[in-house]
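Here the structure is laid out as structure tokens; the discussion comes afterwards.
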Amino acid sequence: MSVLADVLARSRAEHRSALIGYLPVGYPDVPTSIDAMIAMVAGGADIIEVGVPYSDPGMDGPAIQAAVDPAVKAGVGLRDVFAAVSAVRAAGAVPVVMSYWNPLEKYGVGRFAADLAAAGGAGAITPDLIPEEAGQWIAATDVHDLDRVFLLAPSSTDARILSTVAASRGFVYAASTMGVTGVRAAVSDAATTLVSRIRRLAPEIAVCVGLGVSNADQAAEVAAFSDGVIVGSAFVRCLLDSPDAAGAKAAGTLAAELAEGVRRR
Amino acid sequence: MTTTPDSFSYPDSTGHFGPYGGRFVPEALVAALDEIEAEFTKAQADPAFAAELSRLLRDYAGRPSPLSDAERFSEHAGGARVLLKREDLNHTGSHKINNVLGQALLTKRLGKSRIIAETGAGQHGVATATAAALLGLSCTVYMGAEDTRRQALNVARMKLLGADVVPVTTGSRTLKDAINEAFRDWVANVEDTHYLFGTAAGPHPIPLMVREFHRVIGQEARAQVLERVGRLPDVVAACVGGGSNAIGIFYDFIPDAGVRLVGLEAAGDGVETGRHAATITGGSPGVLHGARSYLLQDENGQTIESHSISAGLDYPGVGPEHSWLHDTGRAEYRPITDAQAMAAFALLCKTEGIIPAIESSHALAGALDLGKELGPDAVILVNLSGRGDKDVETASTYFGLAAGDLESGDPVAGDPA
Ligand SMILES: Cc1ncc(COP(=O)(O)O)c(C=O)c1O
């Protein structure tokens with residue numbers, strides 16, 4: 001069983017894609033970031049990626065790093081992340097943690113899985129963990145019935161698509177462009193090609209697409225060929241522009257726009 | 001712990017040195033790493049590649065580098081015989097050129113036209129810019145904004161050589177952030193770009209490849225010491241930043257169980273102050289920059305900023321093979337403070353007429369201690385990984401040599417030798 005697969009199946013039954021919003025915990029501070037997540041849920045986000053701040057976010061662009069640096073300096077850690085997970089759950093959406101590997105390894109892989117399950121989290125997305133290195137994580141997520149989301153990229157071979165899908169539970173994350181996170185003007189062709197390759201090789205798994213979506217039109221475009229539209233930097237931008245209650249509210253407004261986008265036919 | 005002379009079989013086929021190493025990277029880079037691994041394996045089996053690389057190392061870089069008896073310096077090392085492997089005499093002034101020429105040739109075999117690199121002290125950036133000019137590749141070097149200030153001379157050198165130098169202003173604005181920025185560039189441009197990593201760290205196969213390109217240091221030195229002294233050295237000493245010069249000189253001595261391998265880490269103000277870069281002495285295992293290894297981290301797994309007077313050692317991580325050599329007990333790692341390193345720097349200048357890199361001065365300081373511990377019968381081989389021209393300004397400030405202030409600051413005024 002998989003909480004993420006269930007919520008994605010429900011969206012599909014409604015003939016739409018799910019909206020997945022990312023926000024790191026702790027920017028501008030822990031309560032405001034949690035308020036923003038709750039506003040995103042109210043705006044229509046189905047799944048919230050609760051981001052763990054990390055000092056060396058090698059896969060992220062300038063917007064996310066700008067938000068995460070102060071959170072790292074303020075000492076935001078997994079205890080705060082679990083609080084955000086519980087708050088998202090209480091608000092009625094599905095929380096999934098997004099984290100680089102070292103903070104989880106340092107906390108203890110088994111302990112993290114147990115505490116995440118206790119907080120009501122569905123699982124975790126691990127952008128710098130490939131299945132070959134994930135033995136401990138796979139075991140811990142099996143014990144606690146958690147989802148584990150690995151990434152695929154346009155450069156992934158067919159063999160890697162198959163092995164990564166086999167290791168994943170919930171969905172696979174298709175990184176739609178070669179590059180780091182950030183808002184982009186156009187949805188890349190590479191995304192459609194990658195998703196159709198995954199569908200052909202592994203029709204059973206849900207595929208969500210991320211990197212670069214910032215508005216309802218792009219969300220509609222990506223929704224047309226994916227099970228879930230992942231939006232990160234655009235939400236972070238709301239709080240960077242206005243690091244306060246107004247920014248949290250703006251994240252909610254953006255979620256409502258994007259939620260309309262993923263429902264367009 | 002046990003000594004394992006069969007360390008020669010590491011890494012395993014998936015890039016692990018015991019629990020260390022591996023690949024902790026975004027999926028988008030896996031194909032590129034696989035491609036590098038395949039091409040590197042082919043190149044290693046290709047006599048034409050070996051011939052071209054040794055031709056460049058000989059005719060362009062100036063190998064083999066000499067072995068110098070540091071006779072007057074040795075008097076300060078308990079009378080032990082200190083031998084210097086002179087990587088400072090290589091073209092561009094450090095060991096870095098060995099790895100750079102190897103990887104630049106590999107870039108051509110990969111059919112890529114652009115190389116990117118990170119640099120701390122600027123030595124790796126200069127070496128990379130040099131190889132790019134030589135082989136007609138375009139070159140971008142990422143350097144922490146803090147380091148572009150500390151190492152202004154090397155910034156100018158890279159620009160003269162035709163490279164773009166990008167100052168990095170994210171995070172701590174030093175080497176670790178330059179590496180993050182270079183990885184970002186690589187993910188976005190991997191089709192035409194090779195990331196020419198400057199030390200024996202990072203995801204598999206980088207630690208293996210960088211070691212293999214630097215092994216020449218230890219191979220030459222082992223033969224030179226045997227010929228000069230008639231036996232193997234008691235100790236091989238090298239400074240450890242990411243670990244490339246150290247693994248290069250250590251590697252061929254690993255099966256020689258009687259030879260102690262000692263890595264000297266930058267202890268900055270002292271490991272106990274928290275302001276240091278002594279990753280193995282003061283850190284713990286974790287994941288940074290694509291591999292599992294020792295690193296400086298806090299209780300949340302966030303990387304702690306390192307501190308060292310030496311830009312080239314100012315890095316909170318270390319290559320995975322050193323972590324493994326440490327845990328197995330085959331190598332020892334010791335901390336050397338800024339003050340110890342600068343005293344050894346000054347001593348080598350005055351006793352041997354060699355201005356060493358501040359990085360290498362950490363190894364020299366280690367040799368002074370080891371010599372006193374082992375006594376006059378000992379033979380200590382030191383990797384003099386680079387020359388100190390780039391450090392003249394730092395040293396002038398440190399010793400107060402600027403503005404005619406020579407009296408008060410003369411570091412070895414009372415030198416008995
Ligand atoms: C002369 C010299 N030695 C040593 C180092 C440290 O690097 P590594 O530990 O990879 O040899 C540097 C790095 O810039 C250097 O310039």
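Taken over the range B:308-337, residues that are more than 15 Å from the ligand (Cβ to nearest atom) and either assigned to a strand (DSSP E or B) or in contact with a Gly (Cβ under 8 Å, 6 or more places away or on another chain) (or both) amount to 5.
Filtering the range B:99-147 to residues that are of a type in the set (G, A, S) and in contact with a Phe, Trp or Tyr (Cβ under 8 Å, 6 or more places away or on another chain) leaves B:G102, B:A117, B:G120. In the set (1) away from chain A (no Cβ under 14 Å); (2) within 15 Å of the ligand (Cβ to nearest atom), B:G353 fails one condition alone, (2). Candidates are the residues of the range B:108-139 that are out of contact with any Ser or Thr (no Cβ under 8 Å at 6 or more places or on another chain) and more than 21 Å from B:G62 (Cβ to Cβ); the one that is farthest from the ligand (Cβ to nearest atom) is B:G111. Screening B:P167 on (1) under 21 Å from the mean Cα position of the chain (by Cα); (2) more than 14 Å from chain A (Cβ to nearest Cβ); (3) within 25 Å of A:V68 (Cβ to Cβ); (4) not aliphatic (A, V, I, L, M) shows it passes everything except condition (1).
When B:A267 is tested against (1) more than 14 Å from chain A (Cβ to nearest Cβ); (2) over 15 Å from B:K85 (Cα atoms); (3) within 13 Å of the ligand (Cβ to nearest atom), only condition (3) is not met. Note on the range A:96-120: residues that are more than 25 Å from A:G135 (Cβ to Cβ) and surrounded by 23 or more Cβ atoms within 10 Å (Cβ to Cβ) total 0.
Residues that are outside any helix (DSSP H, G or I) and touching a residue at least 40 places away in the same chain (Cβ under 8 Å) within the range B:24-46 comprise B:F24, B:V25, B:P26, listed in sequence order.
Filtering the range A:70-86 to residues that are touching a residue at least 12 places away in the same chain (Cβ under 8 Å) and either surrounded by fewer than 22 Cβ atoms within 10 Å (Cβ to Cβ) or on the phi > 0 side of the Ramachandran plot (or both) leaves A:P70, A:A74, A:F82, A:A83, A:S86.
Each row is one residue, and each column tells you yes or no for (1) assigned to a helix (DSSP H, G or I); (2) surrounded by fewer than 19 Cβ atoms within 10 Å (Cβ to Cβ); (3) in contact with a strand residue (DSSP E or B) (Cβ under 7 Å, 6 or more places away or on another chain).
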| site | (1), (2), (3) |
| --- | --- |
| B:R63 | no, no, no |
| B:R72 | yes, yes, no |
| B:H76 | no, no, no |
| B:V100 | yes, no, no |
| B:Y142 | no, no, yes |
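Every test in (1) of a type outside the set (S, T, N, Q); (2) farther than 19 Å from B:E35 by Cβ; (3) touching a Phe, Trp or Tyr at 6+ places or on another chain (Cβ under 9 Å); (4) more than 14 Å from every other protein chain (Cβ to nearest Cβ) is passed by B:E227 save one, and that test is (3). Filtered by the rule that a residue be of a type in the set (G, A, S) and either assigned to a helix (DSSP H, G or I) or within 14 Å of chain A (Cβ to nearest Cβ) (or both), the range B:275-289 gives B:G282, B:G283, B:S284, B:G286. The residue of the range B:153-182 that is surrounded by the fewest Cβ atoms within 10 Å (Cβ to Cβ), among those that are touching a residue at least 40 places away in the same chain (Cβ under 8 Å) and under 24 Å from B:S396 (Cα atoms), is B:L153.
A:A91: touching a residue at least 40 places away in the same chain (Cβ under 8 Å), within 12 Å of chain B (Cβ to nearest Cβ), farther than 14 Å from A:Y22 by Cβ and hydrophobic (A, V, I, L, M, F, W, C), yes or no? In short, no. For the range B:170-205, residues that are more than 10 Å from every other protein chain (Cβ to nearest Cβ), within 15 Å of the ligand (Cβ to nearest atom) and farther than 22 Å from B:G93 by Cα total 1. Please note which helices (runs of 4 or more DSSP H) are completely contained in the range A:55-113 and include at least 3 residues that are of a type in the set (A, V, I, L, M, F, W, C). Counting at least 3 such residues, we get A:62-73, A:78-91. From the list B:E272, B:E299, B:E305, B:E265, which one is at pLDDT below 95 and either under 26 Å from A:Q65 (Cβ atoms) or not in a loop (DSSP other than H, G, I, E, B) (or both)? Of B:E272, B:E299, B:E305, B:E265, the one residue that is at pLDDT below 95 and either under 26 Å from A:Q65 (Cβ atoms) or not in a loop (DSSP other than H, G, I, E, B) (or both) is B:E305. When B:N99 is tested against (1) within 16 Å of the ligand (Cβ to nearest atom); (2) over 21 Å from the mean Cα position of the chain (by Cα), only condition (2) is not met. Against the test of being crowded, with 17+ Cβ neighbours inside 10 Å and at positive phi, the options A:L211, A:L194, A:L239 yield a single qualifying residue, A:L211.
Residues checked against (1) modelled with pLDDT of 95 or more; (2) assigned to a helix (DSSP H, G or I):
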| site | (1), (2) |
| --- | --- |
| A:G212 | no, no |
| A:Q218 | no, yes |
| A:V229 | yes, no |
| A:R237 | yes, yes |
| A:A246 | yes, yes |
| A:G252 | yes, yes |
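Looking only at the range A:121-167, how many residues end up being under 16 Å from the mean Cα position of the chain (by Cα) and either part of a strand (DSSP E or B) or at positive phi (or both)? Count: 8.
Can you find even one residue in the range B:181-188 that is in contact with a Lys or Arg (Cβ under 9 Å, 6 or more places away or on another chain) and either modelled with pLDDT of 95 or more or not in a strand (DSSP E or B) (or both)? No; the residues of the range B:181-188 include none that is in contact with a Lys or Arg (Cβ under 9 Å, 6 or more places away or on another chain) and either modelled with pLDDT of 95 or more or not in a strand (DSSP E or B) (or both).
Being small (G, A, S) and closer than 29 Å to B:F183 by Cα is a property that does not hold for B:A80.
Checking the stated criteria, B:Q340 turns out not to satisfy the condition of being within 14 Å of another protein chain (Cβ to nearest Cβ) and modelled with pLDDT of 95 or more.
The set of residues in the range B:290-302 that are more than 7 Å from chain A (Cβ to nearest Cβ) and crowded, with 24+ Cβ neighbours inside 10 Å comprises B:G290, B:A291, B:R292, B:S293, B:Y294, B:L295, B:L296. On inspection, A:P31 fails the criterion of being under 24 Å from B:G22 (Cβ atoms) and part of a helix (DSSP H, G or I). Within the range B:79-95, the set of residues being of a type in the set (D, E, K, R) and within 10 Å of the ligand (Cβ to nearest atom) comprises B:E87, B:D88. Answer yes if at least one residue in the range A:135-156 is of a type in the set (S, T, N, Q), facing another protein chain (nearest Cβ under 8 Å), buried (at least 21 other Cβ atoms within 10 Å of the Cβ) and touching a residue at least 24 places away in the same chain (Cβ under 8 Å), and no otherwise. Looking for residues that are of a type in the set (S, T, N, Q), facing another protein chain (nearest Cβ under 8 Å), buried (at least 21 other Cβ atoms within 10 Å of the Cβ) and touching a residue at least 24 places away in the same chain (Cβ under 8 Å), one finds at least one in the range A:135-156, hence yes. Residues in the range B:237-259 that are outside any loop (DSSP other than H, G, I, E, B) and more than 14 Å from the ligand (Cβ to nearest atom): B:D252, B:F253.
The values are calculated or read from the model by the stated rules, or taken from the named source; none is laboratory data. Bear in mind that the values here come from a model prediction, so they are computed numbers and not experimental data. Because the Cβ atoms are built from the backbone with ideal geometry, glycine has one as well, and the counts that use them run over all protein chains shown.
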